[in-house]
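Comments concern the structure below.
The values are calculated or read from the model by the stated rules, or taken from the named source; none is laboratory data. Please read these numbers as outputs of a predicted model, since none were measured by experiment. Note: ideal-geometry Cβ built from the backbone for every residue, glycine included; neighbour counts use all protein chains shown. We work out accessible area using only protein heavy atoms, side chains counted, and drop any ligands, DNA or RNA first. Shrake-Rupley method; radii C 1.70, N 1.55, O 1.52, S 1.80 Å.
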Amino acid sequence: MALPMANPGARLVGWKEAPALGMGPASRLAPPRRAAVAPHRTGRGKFPVAAIILDDYLPMQSTEVKNRTSTGDITSLRLITAVKTPYLPDGRFDLEAYDSLINMQIEGGAEGVIVGGTTGEGHLMSWDEHIMLIGRTVNCFGSRIKVIGNTGSNSTREAVHATEQGFAVGMHAALHINPYYGKTSTEGLISHFEAVVPMGPTIIYNVPSRSGHDITPEIIEAISGYSNLAGVKECVGHERVKCYTDKGITIWSGNDDECHDSRWKYGATGVISVASNLVPGLMRSLMYEGENAVLNEKLLPLMKWLFCQPNPIALNTALAQLGVVRPVFRLPYVPVPLAKRIEFVRIVEAIGRENFVGQQEARVLDDDDFVLISRY
């Protein structure tokens, strides 16, 4: 009898069809033979002997996807904004405000956006919300700005599935963090990235302060041979940036307050920025117009303020005070204290309101102005 298929993308091997039941002693499955080896590596050691081989089914490897995006399109980007996700008072996405934010990024000179990253609160989204927002960004703005979807996870299976969906809805590249909380070994990290990088252009995100695990140069060098590796968003510091750029690996600074020096003194390609949500034009100048210590010093108070509490708390507060998003927070995030809200208005005045997104004057919001959502 023939065994049923395990799933549409798999075939069973190692068994041959046995005679029909009731036909004598041969009416049982024939003894198994050694299975053929799947073309996909499942670990850093030897290939396992498996009874199921997956067909080479990765929709993001289609000709159409390859024609739409390339690793080179990503490695040339200087200013990528980790964009904020705004909400309605009931906690759903405020898509009108979101569209406005993306338009302001395009007008301000940003060349790419990270959708659903830490700043965009991807960790507070369902995967349905997450993929929908990536798809919407591509559909509405994909011809004017590169869309990089945060489809990373501490579960390799989940990261593979989300990345498959993200490329299927049109994202130009994926952002992948290392498995966090349930940390793994160096070999495990390499295998995790080897499972996702072949799917399409990929940026690896190293932020040990959040993940609890440094992605060391040993790991990046092990996967650097993949043509889909666009580069690394690196938050460890200048020396790590230089370590990679000396070897020809594309690096974006993940720290706004270090990005000027990383770009002009240590060879970084650019920055994946939080501050550019607020001042995209000035951040573009910082990345494109050569060393500018005066502008960098002018922006440092804003950059420091944005990280006075864990990101994106201060950014969410700032955008609300500028009137470009509603003052709605998905918990566990809450606005910065009143003293910090007052400080932000003073920073806007010092830098110049004309350099910030939006049209309204910056104002200090009271505690009662904010809506905190726990169920949505």
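Based on what the data block shows, is H130 in contact with a helix residue (DSSP H, G or I) (Cβ under 6 Å, 6 or more places away or on another chain) and more than 25 Å from A268 (Cβ to Cβ)?
Considered against the rule, which asks whether it is in contact with a helix residue (DSSP H, G or I) (Cβ under 6 Å, 6 or more places away or on another chain) and more than 25 Å from A268 (Cβ to Cβ), H130 comes out as yes.
Determine, yes or no, whether E258 is surrounded by fewer than 18 Cβ atoms within 10 Å (Cβ to Cβ), over 16 Å from the mean Cα position of the chain (by Cα) and either part of a helix (DSSP H, G or I) or in contact (Cβ under 8 Å) with a residue 24 or more places away in the chain (or both).
It is false that E258 is surrounded by fewer than 18 Cβ atoms within 10 Å (Cβ to Cβ), over 16 Å from the mean Cα position of the chain (by Cα) and either part of a helix (DSSP H, G or I) or in contact (Cβ under 8 Å) with a residue 24 or more places away in the chain (or both).
Do we find a residue being surrounded by fewer than 17 Cβ atoms within 10 Å (Cβ to Cβ) and part of a helix (DSSP H, G or I) anywhere in the range 228-238?
No, the range 228-238 contains no residue that is surrounded by fewer than 17 Cβ atoms within 10 Å (Cβ to Cβ) and part of a helix (DSSP H, G or I).
Taking the range 94-132, which residues are in a helix (DSSP H, G or I) and among the small types (G, A, S)?
Hits for the range 94-132 are A97, S100, G108, G122.
Just give me the residues in the range 245-288 being of a type in the set (F, W, Y) and closer than 21 Å to N150 by Cβ, in sequence order.
Passing the criteria: only W252.
Quick one: is L302 within 23 Å of I342 (Cα to Cα), modelled with pLDDT of 95 or more and in contact with an Asp or Glu (Cβ under 9 Å, 6 or more places away or on another chain)?
On the way: within 23 Å of I342 (Cα to Cα): yes; modelled with pLDDT of 95 or more: yes; in contact with an Asp or Glu (Cβ under 9 Å, 6 or more places away or on another chain): yes.
When the stated conditions are applied, L302 passes them.
Which residue, of K183, K242, is assigned to a helix (DSSP H, G or I), over 30 Å from N139 (Cα atoms) and among the charged types (D, E, K, R)?
Residue meeting the stated conditions: K242.
Test each condition in (1) open to solvent by 10 Å² or more (accessible area, probe 1.4 Å); (2) in contact with a Ser or Thr (Cβ under 8 Å, 6 or more places away or on another chain) for L79 and report the one that comes out false.
That leaves (1) as the condition not met.
Against the condition among the hydroxyl-bearing types (S, T, Y), farther than 22 Å from V271 by Cβ, open to solvent by less than 20 Å² (accessible area, probe 1.4 Å) and within 13 Å of the chain's Cα centre (by Cα), how does T163 come out, does it pass? Show your work before the answer.
Working: among the hydroxyl-bearing types (S, T, Y): yes; farther than 22 Å from V271 by Cβ: yes; open to solvent by less than 20 Å² (accessible area, probe 1.4 Å): yes; within 13 Å of the chain's Cα centre (by Cα): yes.
For T163, the condition - among the hydroxyl-bearing types (S, T, Y), farther than 22 Å from V271 by Cβ, open to solvent by less than 20 Å² (accessible area, probe 1.4 Å) and within 13 Å of the chain's Cα centre (by Cα) - is met.
Filter the range 186-223 down to residues that are touching a helix residue (DSSP H, G or I) at 6+ places or on another chain (Cβ under 9 Å) and not in a helix (DSSP H, G or I), then give me how many there are.
Within the range 186-223, residues that are touching a helix residue (DSSP H, G or I) at 6+ places or on another chain (Cβ under 9 Å) and not in a helix (DSSP H, G or I) number 11.
Count, please, the residues in the range 281-309 that happen to be in a helix (DSSP H, G or I) and open to solvent by 10 Å² or more (accessible area, probe 1.4 Å). Before you say what the answer is, go through the steps one by one.
Pass one, the range 281-309, residues in a helix (DSSP H, G or I): 281-288, 293-306.
With open to solvent by 10 Å² or more (accessible area, probe 1.4 Å) added as a condition, the list becomes 281-282, 284-285, 288, 293-298, 300-301, 304.
Total satisfying the criteria: 14.
Say we look at the range 129-160 and pick out the residues that are among the charged types (D, E, K, R) and under 20 Å from M199 (Cα atoms); which of these is most open to solvent (accessible area, probe 1.4 Å)?
R157
Do any residues in the range 350-373 that are within 19 Å of P89 (Cα to Cα) have Cβ atoms under 6 Å from those of residues that are not aliphatic (A, V, I, L, M) and not in a loop (DSSP other than H, G, I, E, B), where the two are at least six apart or on different chains, and which pairs are they?
Note: pairs meeting the criteria are L365/Q321; L372/F329; I373/R330.
Within the bounds of the range 312-328, is there any residue that is among the charged types (D, E, K, R), open to solvent by 60 Å² or more (accessible area, probe 1.4 Å) and within 21 Å of the chain's Cα centre (by Cα)?
So far as the range 312-328 goes, no, none of its residues is among the charged types (D, E, K, R), open to solvent by 60 Å² or more (accessible area, probe 1.4 Å) and within 21 Å of the chain's Cα centre (by Cα).
Mind listing whichever residues of the range 175-225 are more than 21 Å from C243 (Cα to Cα), modelled with pLDDT of 95 or more, of a type in the set (G, A, S) and open to solvent by 10 Å² or more (accessible area, probe 1.4 Å)?
Matches in the range 175-225: S185, G188, S191, A195.
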